[in-house]
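Following: one structure in structure tokens, then a few remarks.
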Amino acid sequence: MKQDKKIKWGIIGLGNIAHQFCADLLLVEQAELYAVASRSLEKAKAFAEIFQAQNYYGNYEDLFNNDDIDIIYIATPHDSHAVLSIQAMQHGKHVLCEKPIALNANEANAMVAVSKAQKVFFMEAFWTRFNPSISEALFKVKQQELGEIKYVNADFAFHVPMPTPRMIELKHGGGSLLEMGVYPLFLAYAILGKPKQVLAAGNFYENGADKQTSIVLQYNNAQAILHSSFVSPSNMVATISGTEGRINLNAIWHEAQSYSLIKNNHKVDYALPTLGKGFTYEIEECHKCIWNNQIESALWSHQNSLDLIEIVDAVREQTGLKFPSE
Ligand SMILES: NC(=O)c1ccc[n+]([C@@H]2O[C@H](COP(=O)([O-])OP(=O)(O)OC[C@H]3O[C@@H](n4cnc5c(N)ncnc54)[C@H](OP(=O)(O)O)[C@@H]3O)[C@@H](O)[C@H]2O)c1
């Protein structure tokens, strides 16, 4: 596809994150919000009016069948990510699918296989990977500015007195681990790779979904301590610590607007405010990959998503969290 042609986006599942994402989509010059689909036609019409989408549908199938759409953003509950991504790719569409990529590695493998078979671009919407502060921190780690990394500490926790059914029902993959825990796991993985050992424990609601989960990732020469929770807040600052210094990704770290580098008791602050909320960067990455005929991003590849969900599976193995479809 030529770079001078705008990329036509279709959005399915018009809930909380679809609203935030579309506000950012409008900030990206080469993006065109072409169509939106909901299970409710009135909801789709109202959403299309807010964001000036050209087409709207009262079911997802009609959007899949629109031949003009280039890429579909899937913003539905976790348990539908695999089915809907696969359906979209089988219609020849590129796909950006919300995190977590799927309920488990089996589903994620099936999604990647369809991307390869159909030769369409497919990426998990791990927007944090493209956040400017995090990109710069990862670059500094790679350049060994912190020496050898020994410790990563990250959490994602706030008090949710009344989680929605989507957040808590096991059939949807509910609980804090898949909703938020994937972010701390992402940071440890992005810096230290796949761990040698996963240790984890959780506290659970009566229905079996996790209220809070704490994780130790054990590496040959490093450790990560990670936490997610619906029942109490945390500072949401993440620390990457090495033999020569440390980086604090400032709150809220997974959508950081700044970070601090501390070496020899000297602290330097770097402000990197995002364009919009920060979904703009993953959107631009999708465009680049589509223009270059790539089926995956080098920055957040199929393998990266598969590794991450395998670590999530290992955490669940430890805590005993199982979903009904498994
Ligand atoms: N990247 C991020 O920062 C971020 C933040 C929050 C959430 N997320 C991810 O995005 C996904 C959606 O989260 P959300 O907070 O936007 O959820 P939400 O507000 O509940 O919206 C989800 C939408 O999915 C559609 N849907 C389809 N089948 C459904 C079902 N059986 N039950 C409920 N909704 C259904 C609905 O849209 P229609 O009624 O229009 O069909 C609903 O509005 C989740 O996988 C979550 O992990 C990502």
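The values are calculated or read from the model by the stated rules, or taken from the named source; none is laboratory data. Only a predicted model underlies this, so the values are computations on that prediction, with no experimental measurement involved. When we count neighbours, we look across all protein chains shown, and the Cβ atoms used for this are built from the backbone with ideal geometry, even at glycine. In case anyone asks, the SASA skips ligands and DNA or RNA and just uses the protein heavy atoms, side chains included. Shrake-Rupley method; radii C 1.70, N 1.55, O 1.52, S 1.80 Å.
What is the spread of the Cα atoms of the chain along each of their three principal axes, largest first, in whole Å?
56, 48, 37
What area, in nm² and to one decimal, does the C-alpha convex hull of region 103-158 cast on average over all directions?
Spelled out: convex hull of the Cα atoms, projected over all directions, averaged, 6.5 nm².
Which residue, SER241, THR164, TRP253, has the largest displacement toward the positive end of the dipole of the chain when charges sit on each Cβ (Lys, Arg +1; Asp, Glu -1)?
The residue sitting farthest along the positive end of the dipole is SER241.
Between LEU272 and ALA113, what FRET efficiency comes out of the Förster formula 1/(1 + (r/R0)^6) with R0 = 41 Å and r the beta carbon distance, rounded to 0.05?
Working: r = 37 Å, r/R0 = 0.89.
Computed FRET efficiency for ALA113 and LEU272: 0.65.
Which pairs break 24 Å Cα to Cα here: LYS140/LYS267; LYS8/LYS288; LYS6/LYS43; LYS194/LYS322; LYS116/LYS196?
Values: LYS140/LYS267 15 Å; LYS8/LYS288 14 Å; LYS6/LYS43 26 Å; LYS194/LYS322 22 Å; LYS116/LYS196 29 Å.
Among LYS140/LYS267; LYS8/LYS288; LYS6/LYS43; LYS194/LYS322; LYS116/LYS196, the Cα-Cα distance tops 24 Å for LYS6/LYS43; LYS116/LYS196.
Got a sec to turn the phi values of region 197-202 into Karplus ³J(HN,Hα) couplings, 6.51 cos²θ - 1.76 cosθ + 1.60 with θ = phi - 60°, whole Hz, x for Gly and Pro?
8, 10, 10, 7, 8, x
For GLN52 and ASN221, what is the calculated FRET efficiency with R₀ set at 56 Å and r taken between the beta-carbons, to the nearest 0.05? Could the numbers behind the result be given before it?
Working: r = 53 Å, r/R0 = 0.94.
Computed FRET efficiency for GLN52 and ASN221 comes out at 0.60.
So what's region 166-230 giving for Cα Rg divided by 2.2 N^0.38 Å, two decimals?
Numbers: Rg = 12.5 Å, N = 65, 2.2 N^0.38 = 10.7 Å.
Against the empirical 2.2 N^0.38 Å value, I get 1.16 for region 166-230.
Please give me the summed charge of the neighbours of LEU192: other residues whose Cβ is under 14 Å from its Cβ, Lys and Arg +1, Asp and Glu -1. List each step's numbers first, then the result.
Numbers: positive: LYS142, LYS150, LYS194, LYS196; negative: GLU148, ASP307.
Residues near LEU192 contribute +2 overall.
When the Karplus curve 6.51 cos²θ - 1.76 cosθ + 1.60 is applied with θ = phi - 60°, which whole-Hz ³J(HN,Hα) does each residue of region 258-269 get, with x for Gly and Pro?
Whole-Hz 3J(HN,Hα) from phi for region 258-269: 6, 8, 10, 10, 10, 9, 6, 6, 10, 10, 10, 9.
Within a Cβ distance under 14 Å of ASP307, other residues only, what is the Lys/Arg minus Asp/Glu net charge?
Numbers: positive: LYS99, ARG129, LYS194, LYS196; negative: GLU124, GLU296, GLU310, ASP313.
Net charge around ASP307: 0.
Using the basic label-point model (7 angstrom from Cα toward the beta carbon), what is the GLN318 to GLN144 distance in nanometres?
Result: 3.0 nm between the two label points.
What number, rounded to the nearest 500 deg cm²/dmol, is the helix-based mean residue ellipticity at 222 nm of the chain, given -39500 (n - 2.57) per DSSP H run of at least four residues and division by all its residues?
Numbers: 10 runs with 106 residues, N = 326.
Calculated at 222 nm, the ellipticity per residue is -9500 deg cm²/dmol.
If a/c stays under 1.5 just call it rounded; otherwise compare a/b with b/c (prolate if a/b is bigger, oblate if not). Do that for region 261-326, with a ≥ b ≥ c from the square roots of the Cα gyration tensor eigenvalues. Walk me through the intermediate numbers first.
On the way: a/c = 2.44, a/b = 1.22, b/c = 2.01.
Oblate.
Under the Karplus relation 6.51 cos²θ - 1.76 cosθ + 1.60, θ = phi - 60°, what is the ordered set of whole-Hz ³J(HN,Hα) values for region 77-91, x standing for Gly and Pro?
For region 77-91, the Karplus curve yields x, 3, 5, 9, 4, 5, 4, 6, 4, 5, 4, 4, 5, 5, 8 Hz.
What order, most packed first, do the peptides 23-31, 129-137 have when packing is the mean number of other Cβ atoms within 10 Å of each residue? Write down the numbers at each step before the final one.
Details: 23-31: 16.8, 129-137: 21.7.
Highest mean packing first, the order is 129-137, 23-31.
Placing +1 at every Lys and Arg Cβ and -1 at every Asp and Glu Cβ, with all other atoms neutral, what dipole size does the chain have around its Cα centre, in debye to the nearest 20?
Details: 27 positive and 35 negative charges, 94 e Å.
Taking the Cα centre of the chain as origin, the dipole is about 440 debye.
Given a 1.4 Å probe and the protein chains all in place, what does the accessible area of ARG246 round to, in Å² to the nearest 10?
100 Å²
Any idea of the accessible area per residue across the chain, 1.4 Å probe, to the nearest Å²?
Numbers: 13900 Å² over 326 residues.
Spelled out: the 1.4 Å probe surface of the chain, per residue, equals 43 Å².
Per the 1.4 Å probe, what fraction of the accessible area of the chain, in percent, lies on carbon and sulfur atoms? Before the final figure, lay out the partial values.
Working: 6800 of 13900 Å².
C and S fraction of accessible area: 49 percent.
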